[in-house]
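The values are calculated or read from the model by the stated rules, or taken from the named source; none is laboratory data. For clarity, every value in this text was computed on a predicted model and none was experimentally measured. Glycine also receives a Cβ, built like all others from the backbone with ideal geometry; neighbour counts cover every protein chain displayed. The accessibility values were calculated without ligands, DNA or RNA, using every heavy atom of the protein model including side chains. Shrake-Rupley method; radii C 1.70, N 1.55, O 1.52, S 1.80 Å.
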Amino acid sequence: MQQEIKISNGYFQLWKAFLKQNNSDWNNFNLVAEKRDLLESIFTQPIDQQSSYDFFMEMIDATRQHLDCPDLIFSMARCINPAHFGVLGYMASRSENMAQALEYVVRFSPLVIDGANVTQMQYQYDGETVRMFCPMIDEKYIFLHEITLASMLHLAKQFIPQDQFPLLRMSFANPPLTALKYYQDFYQCQLKFEQPMYEIIFSIDILSLKPEQA
């Protein structure tokens, strides 16, 4: 039996920030009392505490019923701030350079997503590029893969000027979840889908870049 994956409460806080940005409120969703109480509890807990991914996806499905937002993943990712990644966000945002930030991503990522079936993000140097990669956990976690990648990159772009951001390619293990134009507008790099791994390919120049607003 597959163990349920737990995710940081920061994902729920990110979702809440997205709703606020769109003048919406989960209190207006038609949730049963048990689910309303669970949400209330999650929002009062520490952001690094972990909750059910399945419950998170129930809230995402409810959001889709209330809001017409075809680029939901990217709209949510644009609401990210370091606090949503808890200790990982704190340490990454305090890094001396992006090489150190990558080390923190690998070291602290179990605080963000954890489960027996999870293979955490890894990275390697390959000539003139840096490759971050992980396999698909399972098709039911495609949304989790995509929102995590989008959020990580949007957070990184808050610390590195857009004209210096050395993102070269994004690879996805899944087919596109929405129109390609939304992916292109958000990532602005080469895109590949239905690949063996989720991959982020940077120019090696990223390693020496220093966060501007640490």
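Put simply, when 176-186, 198-208 are sorted by average Cβ atoms within 10 angstrom per residue, most first, you get 198-208, 176-186. Take the Cβ atoms of residue 163 and residue 64, set R0 to 30 Å, and the FRET efficiency comes out at 0.30. Using R0 = 41 Å, the C-beta based FRET efficiency linking residue 138 and residue 23 works out to 0.75. The largest accessible area among 11, 123 belongs to the first residue in 123, 11, and the rest follow in falling order (1.4 Å probe, all chains).
Straight distance only, please: which aspartates and glutamates reach the Cα of residue 16 with their own Cα at less than 20 Å, same-chain residues fewer than 8 apart left out? Cross-link targets: 25, 34, 37, 40, 48, 54, 58, 61, 68, 71, 146.
Once the Cβ-Cβ distance between residue 78 and residue 125 is put in as r, and R0 is 35 Å, what FRET efficiency do you end up with, to the nearest 0.05? Between residue 78 and residue 125 the formula returns 0.75.
Available extension along the chain between residue 180 and residue 36 is 48.4 nm, counting 0.36 nm per residue and deducting the alpha carbon span.
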